[in-house]
Each structure stands twice: as structure tokens, then as C-alpha cells.
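Engineer: My structure is below; once you've seen it, I'll send some questions.
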Amino acid sequence: MSENSNGIVRVWCDGCYDMVHFGHANSLRQAKALGDYLIVGIHTDEEITRHKGPPVFTEQERYKMVRGIKWVNEVVEGAPYITTLETLDKYNCDFCVHGDDITMTADGVDTYHLVKAAGRYKEVKRTAGVSTTDVVGRMLLMTRQHFRQGPQEYEVGLEGSSALGLDSRARSPWTGCSQFLPTTQKIIQFSEGKEPKPGDKVVYVAGAFDVFHVGHLDFLEQVRNEGDFLIVGLHTDPAVNRYKGSNYPIMNLHERVLSVLACKYVSEVVIGAPYAVTEELMSHFHVDMVCHGQTSIMPDCDGSDPYAVPKKLGKFKLIDSHNTMTTEKIVDRIIRHRLEFETRNYKKEQKEVALLEAMERCKLVAKS
Ligand code: CTP
Ligand code: C5P
């Protein structure tokens with residue numbers, strides 16, 4: 001595909017980007033690697049509701065979340081559901097990139113048929129084992145299989161989407177796959193791989209960062225303004241479960257690592273950080289300041305304050321991001337609209353299964 005006159009390859013991606021997860025981020029990472037400048041078009045709540053049912057996050061939340069992903073240069077609000085050549089030309093994009101799953105309108109039309117026909121479409125590999133459908137399933141069913149410790153330590157619930165009323169014999173390979181396999185390669189691809197420069201002010205925060213959301217994003221943006229190099233310590237799954245209870249965390253440690261690494265304000269992540277911020281941790285990472293947001297600070301197992309050390313050293317600051325979103329509020333939204341989400345998930349997978357069967361039939365006809 002030809003480059004723009006200044007030699008810059010401009011890439012277009014579009015989608016719903018609901019409950020933005022590391023699968024979305026990974027598709028944007030791959031898309032960016034195919035060019036130089038990445039523009040992401042995001043559909044409105046109205047468009048998504050018409051074609052596949054109501055989104056969990058509002059359009060304003062979805063726009064903000066995608067703007068927070070480090071490979072994104074620009075977001076176009078209210079992009080049309082069907083990608084047209086006019087849209088690509090309007091934003092001066094060379095081609096459009098999408099994952100290797102099929103997206104259809106409510107009438108079953110491939111939303112990329114126009115750009116495919118014009119040869120202005122490229123495909124990247126969809127990240128197996130993560131989908132909005134699966135995350136919604138974990139929330140609704142309170143399953144715990146995603147915990148890293150396995151069933152011997154925690155009771156095992158029903159498998160996510162099969163208990164959503166989906167026929168397990170007719171699962172789609174796209175939204176139906178429900179196990180993400182983390183690799184070191186994925187972490188390397190998501191990581192900045194940079195060290196703090198001499199003189200950089202290093203800021204440290206710790207938490208669950210479960211189902212990475214706008215509250216986390218606003219908090220990290222403010223914290224980043226406090227220094228030059230931001231390290232996020234992620235608590236282990238059992239630690240999060242100790243202070244949050246129920247089936248939390250919804251996303252396991254490896255999944256949370258990738259979601260946080262995809263955020264443009266984050267420089268480095270500690271995978272399974274100690275709950276208490278110790279002197280050893282602070283000197284190991286040369287931490288100049290430790291921050292916490294407006295959520296309550298849960299005591300450590302022995303009842304002590306996990307921030308006692310940085311407080312004593314005069315290196316602790318509370319940050320007010322003026323955003324009251326929490327993971328629990330997302331779960332509440334989903335539970336309140338349970339029926340609509342179940343129907344939406346069910347319909348999406350059934351459409352994919354029907355399409356696959358039709359594709360198989362075409363192959364058989366071609367062979368005979
Ligand atoms: N995507 C991906 N890997 C995933 C999920 C989504 O690569 N596990 C990609 C899609 O292929 C698409 C982009 O992310 O290119 C935006 O996806 P979106 O429109 O939000 O679609 P969904 O496929 O509906 O996402 P989900 O299944 O999670 O609801
Ligand atoms: O609750 P969790 O451990 O995921 O929070 C991680 C960090 O983000 C904490 O410092 C918390 O106070 C902050 N946060 C925030 N505003 C929100 C949600 C979380 O400042 N709405």
C-alpha cells in the first residue's frame with residue numbers, strides 16, 4: 001500500500017472497544033507496527049446497541065480508555081459501524097487493520113467488505129482467550145478458574161460462557177475460547193524495556209488494577225505528573241482476594257500485568273508486588289515517592305498500614321483523581337443489565353458459529 005506524501009504510513013482501526021482489555025491493546029500494538037501513525041475510530045453507544053446490544057462502558061469512557069493505550073496516536077469519536085473508503089480517505093489512512101475474527105452488522109453483513117474489496121484491509125492475529133464476553137461471564141458467574149493458583153486452593157465454579165446459556169458444543173473459535181496463555185514474549189512486546197534515566201524522579205504505586213478502568217487511568221495520569229518514571233506494583237491474586245473477597249480479582253495477575261503495561265503513563269510493572277511497601281523495595285527501585293488514590297487503604301494481614309515506611313520517610317502522597325469508578329461498580333452495572341448482556345453475548349457467538357458453518361459448506365462445495 002502506498003505511503004502518504006510525507007512517507008508516513010497512517011493506519012486505521014475501528015471497533016467498540018468495550019471494557020477495553022489487553023486483547024484490544026494487542027491488536028492496536030500489531031496495527032501500529034504495520035505503519036507509523038495509528039488512528040482508532042470508536043462507535044457510539046447508539047450504534048453498538050443497534051448492532052450487538054448495549055455496551056458496558058459509555059462512549060466517553062471508551063474514548064478515554066483507548067486514548068490511554070500507548071500505541072494510539074489519535075481517536076475518532078463516533079466512527080461508523082461499516083468501514084468505508086470515504087472514512088479512510090477522510091483521515092488520510094492508507095489501510096484498515098482488524099483482528100482475524102469476523103465482525104458483522106445486525107443484518108449479518110461483514111463490516112469490512114468495502115475496504116477488503118478495495119485491497120485496503122490488513123489482518124492481525126486476534127488474542128486468544130480474552131474477550132469482553134468472557135470477562136462479563138466471570139463477573140456474572142463469580143467463577144474463580146482464572147486465578148493463577150488453580151482449583152486446589154479455591155473452589156471451582158461453572159465455566160464462564162457455558163453457564164451463560166451458550167451451547168458448549170457450538171462454540172465460536174473467536175469469542176468462545178476462554179483461556180489466555182501468558183508468555184514472556186507478550187510481556188516483552190508490551191513493555192517499554194526502559195530504565196529510569198539519571199536524575200529521573202521515580203514514583204511507585206501498588207494495587208489490584210483489576211479490570212483496568214477509567215478510575216485507574218485518571219489516577220495513573222495524575223501520578224505520572226508527580227514524577228518521570230512510574231512503577232506499578234501489582235498484588236498477587238491471593239493478596240487481592242484476601243482484601244476484596246468473593247471471586248476477585250476478575251482478571252488474573254498475568255492479565256492485569258498486560259492491561260497496565262498497555263497504559264501510556266506506566267513505565268514498569270512489578271509482577272506480584274509485596275503488599276507492604278518496604279524499605280528494601282523502595283531502595284531496590286530507587287523510589288522517590290509512593291502514591292495512593294482516594295480508595296480506602298486496606299491493612300496488611302497483621303493489621304499494619306502497608307504504607308507505614310514511605311509515610312515515615314516523608315515520601316507518601318495521596319492523589320485525588322476526581323474519578324469514582326471502581327471494579328465493583330463495573331460488576332454492579334453488569335449485574336443490573338444481566339439479561340441484556342447475556343443475550344448480546346449469546347447472539348454474537350451464535351452469529352459467528354453460523355458464519356463458520358456457512359464457510360465450511362462453501363469449502364465442501366468448492367472441493368466437490
Ligand atoms: N480483538 C483482538 N483480540 C481479542 C478481542 C478483540 O484482537 N481478544 C480485536 C478485534 O479483532 C478488533 C479490535 O480488537 O480488531 C476491536 O474489537 P471490538 O470491536 O471491540 O470487538 P470484539 O471482537 O467484539 O471484542 P470482544 O470479543 O472482546 O467483545
Ligand atoms: O483498587 P485498586 O487496587 O485497583 O486501585 C489501584 C490504585 O488506583 C489505588 O491507589 C486507588 O486508590 C487508585 N484509584 C483511584 N481512583 C479510582 C480507582 C482507583 O485513585 N477511581
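The values are calculated or read from the model by the stated rules, or taken from the named source; none is laboratory data. None of the values given here were measured: they were computed from a predicted structure. Positions of Cβ are generated from backbone atoms using ideal geometry, with glycine treated the same way; all protein chains shown enter the neighbour counts. Ligands, DNA and RNA are stripped out before the accessible areas are found, and what is left, the full protein with its side chains, is counted by its heavy atoms. Shrake-Rupley method; radii C 1.70, N 1.55, O 1.52, S 1.80 Å.
Engineer: Just need a number here: residues in region 41-55 that are surrounded by fewer than 22 Cβ atoms within 10 Å (Cβ to Cβ) and part of a loop (DSSP other than H, G, I, E, B).
Structural biologist: Residues in region 41-55 being surrounded by fewer than 22 Cβ atoms within 10 Å (Cβ to Cβ) and part of a loop (DSSP other than H, G, I, E, B): 3 in total.
Engineer: Another one. Tell me which of these residue 330 doesn't satisfy, since it passes every other one: (1) within 16 Å of ligand 1 (Cβ to nearest atom); (2) closer than 26 Å to residue 242 by Cβ; (3) surrounded by fewer than 15 Cβ atoms within 10 Å (Cβ to Cβ).
Structural biologist: Against the list (1) within 16 Å of ligand 1 (Cβ to nearest atom); (2) closer than 26 Å to residue 242 by Cβ; (3) surrounded by fewer than 15 Cβ atoms within 10 Å (Cβ to Cβ), residue 330 comes up short only on (3).
Engineer: Restricted to region 279-302, and to residues that are outside any loop (DSSP other than H, G, I, E, B) and over 29 Å from the mean Cα position of the chain (by Cα), which residue is surrounded by the most Cβ atoms within 10 Å (Cβ to Cβ)?
Structural biologist: Restricting to residues being outside any loop (DSSP other than H, G, I, E, B) and over 29 Å from the mean Cα position of the chain (by Cα), the top hit is 279.
Engineer: Would region 68-77 turn up any residue that is open to solvent by less than 20 Å² (accessible area, probe 1.4 Å) and in a helix (DSSP H, G or I)?
Structural biologist: no
Engineer: Turning to a different aspect of this structure: Working carefully through the options 6, 92, find the one that is over 30 Å from residue 221 (Cα atoms), assigned to a loop (DSSP other than H, G, I, E, B) and not hydrophobic (A, V, I, L, M, F, W, C).
Structural biologist: The conditions single out 6.
Engineer: Further question: Return yes or no: is residue 318 in contact with a strand residue (DSSP E or B) (Cβ under 9 Å, 6 or more places away or on another chain), touching a residue at least 12 places away in the same chain (Cβ under 8 Å) and open to solvent by 60 Å² or more (accessible area, probe 1.4 Å)?
Structural biologist: Yes; evaluated as a whole, the condition is true for this residue.
Engineer: Across region 10-46, which residue is farthest from ligand 2 (Cβ to nearest atom) among those that are of a type in the set (Phe, Trp, Tyr) and touching a Lys or Arg at 6+ places or on another chain (Cβ under 6 Å)?
Structural biologist: 37
A quick yes/no check of all residues on (1) closer than 21 Å to residue 340 by Cβ; (2) more than 15 Å from the chain's Cα centre (by Cα); (3) touching a residue at least 60 places away in the same chain (Cβ under 8 Å):
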position: 10; (1), (2), (3): no, yes, yes
position: 19; (1), (2), (3): yes, no, yes
position: 22; (1), (2), (3): no, no, yes
position: 38; (1), (2), (3): no, yes, no
position: 47; (1), (2), (3): yes, yes, no
position: 52; (1), (2), (3): yes, yes, yes
position: 62; (1), (2), (3): yes, no, no
position: 75; (1), (2), (3): no, yes, no
position: 95; (1), (2), (3): no, yes, yes
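Engineer: All but one of (1) open to solvent by 70 Å² or more (accessible area, probe 1.4 Å); (2) assigned by TED's automatic domain parsing to the domain that holds residue 201; (3) more than 26 Å from the chain's Cα centre (by Cα) hold for residue 264; state the number of the condition that does not hold.
Structural biologist: Among (1) open to solvent by 70 Å² or more (accessible area, probe 1.4 Å); (2) assigned by TED's automatic domain parsing to the domain that holds residue 201; (3) more than 26 Å from the chain's Cα centre (by Cα), residue 264 violates only (3).
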